[in-house]
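Everything below concerns the one structure shown next.
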Amino acid sequence: MTIHKERVKLYLRLAGISLFFSALIDFASEPETGLKSTVNSIWLLSYLLVLHFIFFEYTLPFIKFRWKRLLVAPFLIFAHLLLYAFGTFAWRYIGIQLHVYSPMKEYENIMQGITDHFGNTFGSILFFGITRHIHDYRKLWQIAQQLRIEKQEAELNYLKSQTNPHFLFNTLNNIYSLARDKSDLAPESILKLSKILRYMLYETSGSFVAIEQELKIIGDYIALEKLRYDDSLHVNFNYDVEDLKQALPPLLLIPLVENAFKHGVSETRNQPFIDIHLSVKGRQLAFFVKNSTETMPEAAPVKENIGLSNLRRQLELLYTDYQLSVQQAENEFHATLKINLASHV
């Protein structure tokens, strides 16, 4: 039979609480005999503490949810009742003989003493049972919360592990097209990609980065993508942020920018454009991306690619107050992201 130290400490704490309130009542009701009553309570509680521990930690778990053991359950419960009733009174008698327990009242017979002590013992059973249940429930709740947090962190890391290679794959395709055409811009594009990769490797491992870092990576990505296009592509990127040091999850905004290039202007033949605007005021973030497209609006909802799907799931895990909407208009695609940064979970 294994005895867990943490459970023993729990019962000792509960015993201390029980003794404290018992002493308060004794000294408040009968100050003259308060000390003797407290000593008596300590003596009786030393016996009840062992009995409570055996009953709640071993007897009840032994018979709980085990149908074959339910046959012996009545006998075990009856045995404990005997130990609580007769055992407590016998422990009192031992204390008297050892001059540890001071009898505060005399009983006409043994059954009267047993009945009187069992009434007090029943209250102790309820106290230990209820407080133990509350403690264990709270402990399980904390464990469940920790597991939920760990699960969310694991899923966020998985989403990042999907998004980053997806982002890298698209960027390498762009560089490949430059290299295939033997463009003089290929070396410059590789240099810009190395800066982005350095950021992804060393700056995005934490939970947050400063908004100014996210803005810089967006600017670097735009500069890298523009190498593939001639002067016909118009990109307007502006922002209005009251605090550039404000925290933001890394690479949270880049999927919308990437989507505008890959599924927008790359498929636009005439006058391609991208308009990007970020506003952060009073912990309210608003990110707007509009890009040209050859696709016409349809009745069916917009089919989201892996970048948008991952972004939506990350938002679900990170914030409780946010809105992400995408809309296909005539020759234009609109993406709007609004986040209450204070709603981070």
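Among residues of the range 253-264 that are within 16 Å of D275 (Cβ to Cβ), those with a beta-carbon under 6 Å from a residue that is of a type in the set (V, I, T) and in a loop (DSSP other than H, G, I, E, B) at least six positions away or on a different chain give the pairs G264/T293.
Do we find that Q213 is in contact with a strand residue (DSSP E or B) (Cβ under 7 Å, 6 or more places away or on another chain) and at negative phi in this structure? Here the answer is no, as Q213 does not meet what is asked.
Candidates are the residues of the range 173-213 that are in a loop (DSSP other than H, G, I, E, B) and either farther than 19 Å from L253 by Cβ or of a type in the set (A, V, I, L, M, F, W, C) (or both); the one that is nearest to the chain's Cα centre (by Cα) is F208. Scanning the range 185-230 for residues that are of a type in the set (K, R) and at pLDDT 75 or above yields K192, K195, R198, K216, K226.
When you scan the range 16-33, do you find a residue that is part of a loop (DSSP other than H, G, I, E, B), among the polar types (S, T, N, Q) and exposed (fewer than 13 other Cβ atoms within 10 Å of the Cβ), even just one? There is no residue in the range 16-33 that is part of a loop (DSSP other than H, G, I, E, B), among the polar types (S, T, N, Q) and exposed (fewer than 13 other Cβ atoms within 10 Å of the Cβ).
For the range 102-121, residues that are within 14 Å of S41 (Cβ to Cβ) and in a loop (DSSP other than H, G, I, E, B) total 3.
Reported count of residues in the range 214-226, each being surrounded by fewer than 16 Cβ atoms within 10 Å (Cβ to Cβ) and under 11 Å from P250 (Cβ atoms), is 0. Within the range 316-344, the set of residues being under 19 Å from the mean Cα position of the chain (by Cα) and touching a residue at least 60 places away in the same chain (Cβ under 8 Å) comprises L317, L318, L341. Being farther than 24 Å from S309 by Cβ and aromatic (F, W, Y) is true of Y202. Among the residues of the range 226-251, those identified as part of a strand (DSSP E or B) and closer than 30 Å to S343 by Cα are N236, F237, N238, Y239, D240, V241, A247, L248.
The values are calculated or read from the model by the stated rules, or taken from the named source; none is laboratory data. Computed from a predicted structure; not experimentally measured. Virtual Cβ from ideal backbone geometry, glycine too; neighbours counted across all protein chains shown.
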